[in-house]
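*Asks:* This structure is in structure tokens; I'll ask about it shortly.
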Amino acid sequence: MDKVLLSGDFLLYPKKVPLQVLLTNKNLTIKNKLTKGAPEVISLADVIGCHVLQGNKTTSAQWYLCIFFYPLKKKVFKGYSRCRSTKSLGIACCDSDSENKSLAEKWKKAIKFITAGNNMTEDQTDCIPEIEQRHFVVYINPFSGRGKAMQIYKDHVKHVFCEAEIKSTVVKTEYAGHACKLAKEIELGKYDGIIIVSGDGLVHEVINGLMDRVDWEQAIKTPLGIVPGGSGNALAASIVYASTGHHPLPDVLPSSLFEICRGKICKVDILAMETSDTSHVKKAKITYGILGTVIGLISDIDIESERLRSLGSQTRMLLYALMRIATMRRYNLTVSFLPAMADKEFGLSLETSAEQNDNAIHNAIKENYTAAGDATETLVNDLLPPLDEPVPSTWSVSQGEFLQVTGVNLSHIAVDTILHPTKKRSDGLLFLTQITANVNRRSLLKLWDSMEDGTGLTERDNSSDVVVTPCRAFRIIPHSKHSEIVTLDGEKMPYGPFQCQVHPQLGRVFGTNY
């Protein structure tokens with residue numbers, strides 16, 4: 001049994017019921033002193049904030065401890081949801097107003113210290129360390145999705161941040177690429193993280209802005225918090241899935257805010273994509289991403305359905321999906337990749353968790369940095385040969401007609417679409433999925449259903465027409481025109497040969513692992 005750190009008598013608001021409350025490093029236990037029923041137990045893992053409030057002439061206590069928590073509860077029919085709950089505990093056991101206030105402040109400091117991820121000892125209860133208030137900069141794209149991002153901030157983010165006592169500085173983006181410029185120029189020392197209220201496009205901009213800084217190596221470790229406000233929201237979905245393990249996902253908006261307010265920071269892999277530079281200087285253009293690249297069916301649907309944005313993401317995607325499945329465009333591609341062989345290259349095992357592999361990956365990361373003249377260090381795509389040169393003999397190569405090829409870094413490609421349920425956000429791998437043009441429509445619809453029902457794709461599902469391969473780098477050379485669409489993080493990229501490499505655990509996001 002956990003050691004009781006604090007115990008005391010309280011009054012339940014507004015019923016004036018006398019309570020005994022016990023605090024441990026895991027739970028807050030509330031016992032009704034008038035009944036013999038089971039006590040109420042609030043898990044501190046669900047608590048995001050704690051306030052001290054003053055009573056008035058109509059209340060039974062001079063001071064109150066108000067606790068805000070968001071337990072994960074099962075819905076009536078299917079799935080889970082983070083449900084907002086509060087508990088107000090009145091303090092009236094001391095002789096003076098000031099003593100009651102001091103006792104309330106002591107409980108608040110203890111709860112905040114523990115919920116910040118610390119383990120409290122009995123010795124610390126007499127002098128509880130103060131937890132500094134966090135300050136986030138919030139980037140809002142007022143045009144993302146259906147233009148509701150600002151309303152999401154006002155109706156949800158602002159109130160939850162108030163409960164968690166988080167200070168925020170709001171910046172509205174004004175044009176495409178503005179967030180990239182902001183991230184490149186921001187004084188990061190002033191903030192504890194960057195919160196993005198938008199879709200995956202703004203996340204993409206922020207990552208590239210951070211990587212374009214002189215201090216990129218530290219900048220890219222700035223924790224990112226994602227509040228879904230766009231049409232895709234794949235990163236937000238992947239974070240919630242990794243934190244809960246549930247599909248269908250718990251409501252993504254409250255779940256995302258909960259992860260941000262809890263303040264736990266997780267490592268995430270970053271993807272580097274090289275495309276041909278069209279200028280006279282023969283040099284690859286490098287763009288960074290976090291979700292992955294797509295050529296074929298899904299990228300066509302994603303980009304071409306933009307003209308129906310007013311219908312909402314699900315409707316426009318469904319309409320274009322049905323149309324594209326009916327027409328079945330074929331893409332002539334050369335696909336090359338470096339198989340993971342994780343146990344030999346990294347000292348890793350695909351069967352172990354990302355956390356168990358941290359040390360091995362960390363050692364490998366160090367080899368990816370090199371000095372760039374007398375300036376700063378730059379990230380080197382050490383696994384990628386020049387685009388105009390053949391791939392090494394250690395790579396596998398296939399050429400033919402494909403319906404789609406994806407190189408994915410996360411589990412989800414949309415809130416309701418899970419492509420790879422076993423994909424971890426910091427495992428140092430890319431999941432390359434090749435769907436050949438021979439796949440029939442029935443198999444394709446079955447595949448689509450599997451992405452919506454949570455089954456998704458793994459190596460166990462490999463067939464002659466659908467192949468999933470964990471890899472560390474890949475190259476795709478398109479030989480056919482058609483739509484001429486290639487996407488990275490849902491953003492349209494230059495059409496032509498491109499190659500990608502994963503950089504393990506380079507970035508940071510707010511989230512936990514279930």
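The values are calculated or read from the model by the stated rules, or taken from the named source; none is laboratory data. In this text the structure is predicted, and so the values were computed from the model without any measurement. Here the Cβ is made from the backbone with ideal geometry for all residues, glycine too, and neighbour counts use every protein chain on show. Just the protein is used for accessible areas: all its heavy atoms, side chains included, with ligands, DNA and RNA removed. Shrake-Rupley method; radii C 1.70, N 1.55, O 1.52, S 1.80 Å.
*Asks:* Quick one: E132 ticks every box in (1) open to solvent by 70 Å² or more (accessible area, probe 1.4 Å); (2) touching a His at 6+ places or on another chain (Cβ under 6 Å) except a single one, so which number is it?
*Replies:* (2)
*Asks:* For the stretch 16-35, enumerate the residues that are in a loop (DSSP other than H, G, I, E, B) and at pLDDT 95 or above.
*Replies:* T24, N25, K26 - these are the residues of the stretch 16-35 that are in a loop (DSSP other than H, G, I, E, B) and at pLDDT 95 or above.
*Asks:* Checking the condition within 23 Å of P142 (Cα to Cα) and assigned to a strand (DSSP E or B), which residue from I196, I286 passes? Can you show your working first?
*Replies:* On the way: I286 fails: within 23 Å of P142 (Cα to Cα).
Just a single option satisfies the conditions, and that option is I196.
*Asks:* For the subset of the stretch 416-458 comprising residues that are open to solvent by 50 Å² or more (accessible area, probe 1.4 Å) and closer than 20 Å to L271 by Cβ, which member is farthest from the chain's Cα centre (by Cα)?
*Replies:* T422
*Asks:* Tell me, yes or no, whether the stretch 55-67 has at least one residue that is touching a His at 6+ places or on another chain (Cβ under 7 Å) and open to solvent by less than 30 Å² (accessible area, probe 1.4 Å).
*Replies:* The answer is yes; a qualifying residue exists.
*Asks:* Looking for whichever is open to solvent by 20 Å² or more (accessible area, probe 1.4 Å) and within 24 Å of R82 (Cα to Cα) here; the options are E174, E165, E205, E185. Which one fits?
*Replies:* Just one listed residue meets the conditions, E165.
*Asks:* Additional query: Restricting the search to the stretch 461-483, which residues are free of Cβ contacts under 8 Å to residues at least 60 places away in the same chain, surrounded by fewer than 21 Cβ atoms within 10 Å (Cβ to Cβ) and within 26 Å of L235 (Cβ to Cβ)? Explain how you work it out, then say what you get.
*Replies:* Let us first name the residues in the stretch 461-483 that are free of Cβ contacts under 8 Å to residues at least 60 places away in the same chain, namely 461-468, 481.
Retained after the next criterion (residues that are surrounded by fewer than 21 Cβ atoms within 10 Å (Cβ to Cβ)): 461-467, 481.
Those that are free of Cβ contacts under 8 Å to residues at least 60 places away in the same chain, surrounded by fewer than 21 Cβ atoms within 10 Å (Cβ to Cβ) and within 26 Å of L235 (Cβ to Cβ): D461, V466, V467.
*Asks:* Would you confirm, using the coordinates I've provided, whether L311 is at pLDDT below 75, aliphatic (A, V, I, L, M) and open to solvent by 30 Å² or more (accessible area, probe 1.4 Å)? So that I can check it myself, show each step before the final result.
*Replies:* Working: at pLDDT below 75: yes; aliphatic (A, V, I, L, M): yes; open to solvent by 30 Å² or more (accessible area, probe 1.4 Å): yes.
Criteria met by L311.
*Asks:* Here's something else I'd like to know. Taking the stretch 484-501 on its own, how many of its residues are open to solvent by 60 Å² or more (accessible area, probe 1.4 Å) and either touching a helix residue (DSSP H, G or I) at 6+ places or on another chain (Cβ under 7 Å) or β-branched (V, I, T) (or both)?
*Replies:* Residues flagged as open to solvent by 60 Å² or more (accessible area, probe 1.4 Å) and either touching a helix residue (DSSP H, G or I) at 6+ places or on another chain (Cβ under 7 Å) or β-branched (V, I, T) (or both) within the stretch 484-501 amount to 2.
*Asks:* Are there any pairs with C-beta distances below 9 angstrom linking a residue in the stretch 434-454 that is over 22 Å from A414 (Cα atoms) and part of a loop (DSSP other than H, G, I, E, B) to a residue that is of a type outside the set (D, E, K, R) and open to solvent by 90 Å² or more (accessible area, probe 1.4 Å), with the two at least 6 apart or on different chains, and if so which?
*Replies:* N438/S464
*Asks:* Filtering the stretch 5-15 down to residues that are surrounded by 13 or more Cβ atoms within 10 Å (Cβ to Cβ) and assigned to a loop (DSSP other than H, G, I, E, B), which residue is modelled with the lowest pLDDT?
*Replies:* Once the filter is applied, the top-ranked residue is Y13.
*Asks:* With the checklist (1) more than 21 Å from T512 (Cα to Cα); (2) in a loop (DSSP other than H, G, I, E, B); (3) open to solvent by 30 Å² or more (accessible area, probe 1.4 Å) in hand, flag the one item H247 doesn't pass.
*Replies:* (1)
*Asks:* A further question follows. Checking G37 against (1) within 38 Å of the chain's Cα centre (by Cα); (2) within 23 Å of D2 (Cβ to Cβ); (3) not aromatic (F, W, Y), which test does it fail?
*Replies:* (1)
*Asks:* Follow-up question, since we're still on this one. Can you spot a residue in the stretch 337-354 that is at pLDDT 50 or above, under 23 Å from the mean Cα position of the chain (by Cα) and open to solvent by 20 Å² or more (accessible area, probe 1.4 Å)?
*Replies:* Checking the stretch 337-354: not a single residue is at pLDDT 50 or above, under 23 Å from the mean Cα position of the chain (by Cα) and open to solvent by 20 Å² or more (accessible area, probe 1.4 Å).
*Asks:* Sticking with this structure for a sec: Looking only at residues in the stretch 33-46 that are among the hydrophobic types (A, V, I, L, M, F, W, C) and open to solvent by 60 Å² or more (accessible area, probe 1.4 Å), which one is nearest to G117 (Cα to Cα)?
*Replies:* V41
*Asks:* Then there's this: So is T433 at pLDDT 90 or above and farther than 22 Å from G496 by Cα or not?
*Replies:* Answer is no for this residue.
*Asks:* Give the residue that is nearest to C93 (Cα to Cα), with candidates limited to residues of the stretch 14-57 that are among the small types (G, A, S) and touching a strand residue (DSSP E or B) at 6+ places or on another chain (Cβ under 8 Å).
*Replies:* Out of the qualifying residues, it is G55.
*Asks:* Going by the structure shown, is C66 of a type outside the set (K, R) and within 26 Å of the chain's Cα centre (by Cα)?
*Replies:* Details: of a type outside the set (K, R): yes; within 26 Å of the chain's Cα centre (by Cα): no.
No, not satisfied.
*Asks:* What number of residues in the stretch 19-32 are touching a residue at least 24 places away in the same chain (Cβ under 8 Å) and open to solvent by 30 Å² or more (accessible area, probe 1.4 Å)?
*Replies:* Final tally of qualifying residues: 3.
*Asks:* Looking only at residues that are within 39 Å of the chain's Cα centre (by Cα) and polar (S, T, N, Q) in the stretch 84-116, which one is nearest to P71 (Cα to Cα)?
*Replies:* S85
*Asks:* Select, from A176, A183, the only residue that is assigned to a loop (DSSP other than H, G, I, E, B), free of Cβ contacts under 8 Å to residues at least 60 places away in the same chain and more than 30 Å from G454 (Cα to Cα).
*Replies:* A176
*Asks:* Next question. Quickly run through the stretch 135-159 and pick out the residues that are open to solvent by less than 20 Å² (accessible area, probe 1.4 Å), in a helix (DSSP H, G or I) and at pLDDT 95 or above.
*Replies:* Matches in the stretch 135-159: V157 only.
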